[in-house]
Each structure stands twice: as C-alpha cells, then as structure tokens.
Amino acid sequence: MARVLITGGAGFLGSHLCERFIADGDEVYCMDNFITGSPDNIAHLMGNKNFHFIHHDVTNYNYIEGDLDYILHFASPASPIDYLKLPIQTLKVGSLGSHKALGLAKAKNARFLLASTSEVYGDPLVHPQAEEYWGNVNPVGFRGVYDEAKRFAEAITMAYHRYHGVETRIVRIFNTYGPRMRVNDGRAIPAFISQALKNEPVTVFGDGSQTRSVCYVDDLLDGICRLLMSDEVSPVNIGNPGELTMLELAKEIIDIIGSESEIIFKDLPADDPKVRQPDITKAKALLKWQPRISRSEGLERTIADFTKRLGL
C-alpha cells in the first residue's frame with residue numbers, strides 16, 4: 001500500500017485521481033481549500049478508511065505525519081474564467097504552492113508529479129506541439145497568470161530534481177473532459193453541454209475555427225499513472241491528438257443530445273490559442289500509452305453526468 005498526497009484533490013482531475021488510488025488499495029491524503037474544487041467531488045470517498053481529507057491551502061506550510069510515497073501536485077485554478085477571476089491565487093499556487101509541495105517531497109523522500117499544461121506552449125507557432133517546443137506565451141496578457149505559473153512550476157520542479165535529487169515527473173495535460181467538470185467553469189465542453197441540454201443558444205467564440213484536441217479523463221489518468229511509475233524526468237504530453245474545431249465540437253454535442261439549440265458567436269477572448277494538438281510520440285514510446293476512449297463515447301458519458309447533476 002502506497003501513501004499518496006494529492007493537492008487539489010477535490011477538483012475535477014484531483015478527485016478522479018483520489019478515486020483511482022483508493023481503488024488500487026492505496027492510502028490517499030487529499031488536500032484542497034475549495035477555491036475551485038468541490039466537496040461534492042469527494043463526498044463518496046469520505047467514509048473510506050484509506051481516504052483522508054485535509055482542508056488546507058498548499059501555498060502555506062504543509063505537513064503530513066508519517067511516510068509519503070508520492071505527491072501529485074494538481075492544485076490550481078484551471079479554466080480561463082477561474083484564473084481571470086483569481087489571478088494572484090493562480091500565480092501563488094503555481095509558485096509558492098509548487099515550492100511547498102516540492103519541499104514536502106524532499107523531506108519525505110517522495111516521488112513528485114507536477115500537473116503542468118499544454119498552455120505552456122501558449123498560442124503555438126509549431127503544430128502539433130512536441131515537448132521540445134518552448135512555446136509562444138504572452139507573459140503580461142490576461143492568460144499569462146496561468147501560463148507563466150505553470151512554466152515556473154516546471155522550472156522549480158526541475159531545479160529540485162537537479163539540485164536536491166528529488167524524484168520528479170512532469171505531465172503536460174491537454175484539454176481533458178469528463179464527469180465532475182464544473183457546469184459553469186467556462187470551458188467549451190461544459191458550456192456546450194449545459195447550454196444544449198437546456199435548449200439554450202450554444203456560445204462559440206470567434207468564428208469557431210480555433211482547434212482543440214480533447215481527451216477523456218479515464219485515458220488521461222492512465223497516462224498520468226504510467227508516467228508516475230516510469231523513469232522519465234522531462235515533461236511528457238498526455239492528450240488525445242484527435243483535433244477538431246470548436247464549431248465542429250459544438251455541433252457534435254448538439255447532435256448527440258438531440259438539442260434544439262442554435263449556435264451563436266461571440267468575440268474571441270484575448271490570447272486564446274488558435275490551435276492545440278499534442279504530439280504524443282514520446283508517451284507512446286516511453287509509456288506505451290495512447291488514448292482508447294472515442295470522443296463519442298466520452299461525450300455520452302459526460303452528457304449523462306451533466307444531465308443527472310442538472311436534474312434534467
């Protein structure tokens with residue numbers, strides 16, 4: 001039995017990770033301050049003897065009694081609506097939070113995995129994006145608070161590895177979706193699904209030609225766990241290379257639901273990336289990983305979850 005700390009464990013991805021480690025028989029410490037996470041995401045785990053919840057802000061000093069085998073640092077606002085509303089908290093959790101979590105990893109001799117993001121590539125000038133690409137980020141733009149927080153987090157993670165010998169892993173997560181996403185989190189899939197389920201106009205930004213590559217959460221978790229158990233220290237992209245435009249995604253969701261929603265267009269937010277597609281050559285070679293769940297199946301599972309939570 002491993003002892004695992006997951007920061008941001010009550011968030012969308014964090015809660016799924018907690019569930020996965022519990023299912024594997026591990027002892028899980030879930031740390032969250034509910035700034036964007038939700039108690040609802042972990043309520044079903046609260047009675048489990050191997051699950052421990054710690055209401056705490058990871059940017060402050062943190063301590064867990066006893067040994068720790070793994071620390072997975074997933075604490076961070078993760079959608080544009082969050083980090084535009086919480087810019088300083090976003091920067092602090094990427095910098096101070098990463099520092100505190102890495103310090104604990106060093107003290108406990110635990111393996112540390114950082115949840116980084118495809119946003120480190122910014123509005124990319126290289127397509128698709130491989131790990132060797134250094135990115136095109138506007139550090140003083142509205143989105144810079146998230147992009148630069150994650151870029152700093154990667155830098156300090158590598159510094160702890162090189163200077164202190166901490167065992168570290170870095171996953172660059174591309175757009176992920178699935179059950180437990182917040183209905184109003186501002187990202188495309190939750191917005192499209194909730195609008196279409198209510199037969200409201202579906203909002204597409206710009207002309208809808210900007211692309212994303214969306215990965216179902218179960219596939220992402222499999223990639224993360226393979227990376228955690230691997231020997232790879234440098235960043236690894238985990239995402240689904242199936243690229244599509246936002247307009248195509250909106251139409252697909254409307255069709256699956258059988259909604260009567262019309263599509264309306266609004267201005268594109270500043271610094272919104274025009275393309276996004278992971279090059280997963282490295283993950284395939286090193287981790288023997290690739291996504292397996294089709295977009296139609298993943299969307300149907302997600303729509304079922306939203307239908308239930310919205311009481312429709």
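If a residue must be of a type outside the set (S, T, Y), closer than 18 Å to D24 by Cα and buried (at least 19 other Cβ atoms within 10 Å of the Cβ), how many such residues does segment 43-74 contain?
5
How many residues does segment 35-65 contain that are within 19 Å of G97 (Cα to Cα), of a type in the set (A, V, I, L, M, F, W, C) and assigned to a loop (DSSP other than H, G, I, E, B)?
Within segment 35-65, residues that are within 19 Å of G97 (Cα to Cα), of a type in the set (A, V, I, L, M, F, W, C) and assigned to a loop (DSSP other than H, G, I, E, B) number 3.
Is it true that L5 is modelled with pLDDT of 95 or more, under 13 Å from the mean Cα position of the chain (by Cα) and part of a strand (DSSP E or B)? Steps first, please.
Numbers: modelled with pLDDT of 95 or more: yes; under 13 Å from the mean Cα position of the chain (by Cα): no; part of a strand (DSSP E or B): yes.
Answer is no for this residue.
Here is a check on your reading of the model: is D255 part of a loop (DSSP other than H, G, I, E, B), over 19 Å from the mean Cα position of the chain (by Cα), more than 25 Å from G141 (Cα to Cα) and without any contact (Cβ under 8 Å) to a residue 40 or more places away in the chain?
Answer is no for this residue.
Can you name every residue in segment 129-145 that is touching an Asp or Glu at 6+ places or on another chain (Cβ under 6 Å) and within 16 Å of K85 (Cα to Cα)?
Those that are touching an Asp or Glu at 6+ places or on another chain (Cβ under 6 Å) and within 16 Å of K85 (Cα to Cα): G141, R143.
Out of the residues in segment 75-109 that are aliphatic (A, V, I, L, M) and part of a loop (DSSP other than H, G, I, E, B), state the one that is surrounded by the most Cβ atoms within 10 Å (Cβ to Cβ).
Ranking the qualifying residues of segment 75-109, first place goes to A75.
Considering segment 176-186 alone, what residues qualify as being in contact with a helix residue (DSSP H, G or I) (Cβ under 7 Å, 6 or more places away or on another chain) and either assigned to a loop (DSSP other than H, G, I, E, B) or closer than 15 Å to I280 by Cβ (or both)? Give the derivation first.
We begin by selecting, within segment 176-186, every residue in contact with a helix residue (DSSP H, G or I) (Cβ under 7 Å, 6 or more places away or on another chain); these are 176-183, 185-186.
Correct list: T176, G178, P179, R180, M181, R182, V183, D185, G186.
Hey, any hits in segment 116-126 for a residue that's part of a strand (DSSP E or B) and either without any contact (Cβ under 8 Å) to a residue 60 or more places away in the chain or over 19 Å from L17 (Cα atoms) (or both)?
yes
For F112, state whether it is touching a residue at least 60 places away in the same chain (Cβ under 8 Å) and assigned by TED's automatic domain parsing to the domain that holds N138.
No: the conditions fail for F112.
The values are calculated or read from the model by the stated rules, or taken from the named source; none is laboratory data. Every value quoted in this text rests on a predicted model; they were computed, and no experiment measured them. Backbone-built Cβ (ideal geometry, glycine too); neighbour counts: all protein chains shown.
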